[in-house]
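What follows is one structure encoded as structure tokens, with my remarks underneath.
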Amino acid sequence: MTNGKTFSLQMWQKILIGLILGIVAGFVVGEHAKLLKPIGDIFITLIRMVVMPVIFVSLVCGVTAMKDLRKMGRVAGKTLLLYGVTMALAGTMSMLLAGAFGIGHGLNYVVSGAEQAATHPSMLETLMRIFPANPFKAFADGDVLPIIVFALFFGVAINLAGDAGEPVKRFFDSLNHVVFKLINMVLAFAPYGVFALMAYVTADNGFVVLEQLAALVGTIWLSCILVLTVGYSALLILAGLKPWPFLKKMLPVQLFAFSTTSSNATLPLNIKTAETQMGVHNSIASFVLPLGATVNMNGLATYL
């Protein structure tokens with residue numbers, strides 16, 4: 001007999017099971033696991049489908065929820081400062097570990113002619129690119145920074161419009177709810193998408209690549225773990241939060257990011273988790289997290 005309770009796995013458990021089974025399937029089934037690649041590709045495509053609407057709608061709602069421009073400026077300033085600290089922490093940690101383990105010692109890298117001839121955009125050119133001449137083109141190209149800038153301007157304009165902007169604000173609030181229903185529909189497919197992705201990657205790379213890159217990959221992973229468990233824990237304690245409950249609630253986001261290797265793809269789940277599991281107000285989560293998905297590249301700092 002049963003007590004009437006239905007056994008149900010949490011999302012992070014489903015994603016973790018999908019990740020582990022995907023790795024096992026990649027090794028056991030071998031080349032045949034590559035047939036699962038279309039499933040993983042469809043999942044990534046669905047995620048990309050919702051990313052741009054999430055960024056734009058969330059940021060507009062976040063800005064309109066903070067009607068005081070000075071408050072928005074303070075939040076933005078604190079956010080960018082925190083992002084700078086965490087990126088510096090990630091970069092420093094990885095450099096110390098690379099030096100300790102001798103990563104790269106004995107390697108001679110010769111710069112090719114093409115690399116020497118390659119030109120990099122200047123700071124002014126980079127700055128000019130974040131201001132969209134055509135927002136619709138930025139949406140079509142998936143260019144995140146111009147979309148963020150346009151959303152910030154659009155949200156501020158709604159606030160400055162006063163009563164005339166209220167219908168637009170209510171429209172975006174309703175649209176935000178619809179977008180997150182769409183996110184839930186896509187994320188329900190996450191365990192299967194993660195399984196297919198990990199099965200394909202494991203079958204495609206196998207042990208050979210893992211052995212060749214073991215030292216580098218191991219150092220990067222160790223650096224990420226230390227940044228997450230030591231660095232972030234210290235920041236959480238300073239903020240008056242308990243590290244373990246925070247890390248446990250964010251586990252689905254971490255597993256999803258590990259599987260997709262994409263900050264933007266992880267953004268919808270990140271916002272949803274922050275609001276529903278962490279109790280973060282929508283105005284803060286919608287404003288801070290889309291910025292972080294583009295600006296706060298701790299993983300990139302660790303890798304470099």
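Quick note: the coordinates plus some simple rules give every number you see, no bench work behind them. Because the structure is a prediction, the values reported are computed rather than measured. Quick reminder, even Gly has a Cβ in these numbers, built from the backbone with ideal geometry, and neighbours come from all protein chains shown.
Summary of values
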quantity: Projected label distance in nm at N205 and Q10, using a 7 Å step from Cα toward the beta-carbon; calculated: 2.7
quantity: Cα gyration tensor shape for the stretch 30-82, rounded if a/c is under 1.5, else prolate or oblate; calculated: oblate
quantity: Cβ-Cβ FRET estimate between I42 and F171, R0 fixed at 41 Å, reported to 0.05; calculated: 0.85
quantity: V149 versus F189: modelled label distance in nm, points set 7 Å from Cα along the beta carbon direction; calculated: 3.3
quantity: Selection from L160, T202, L175, by position along the positive dipole direction of the stretch 120-207 (Cβ); calculated: L175
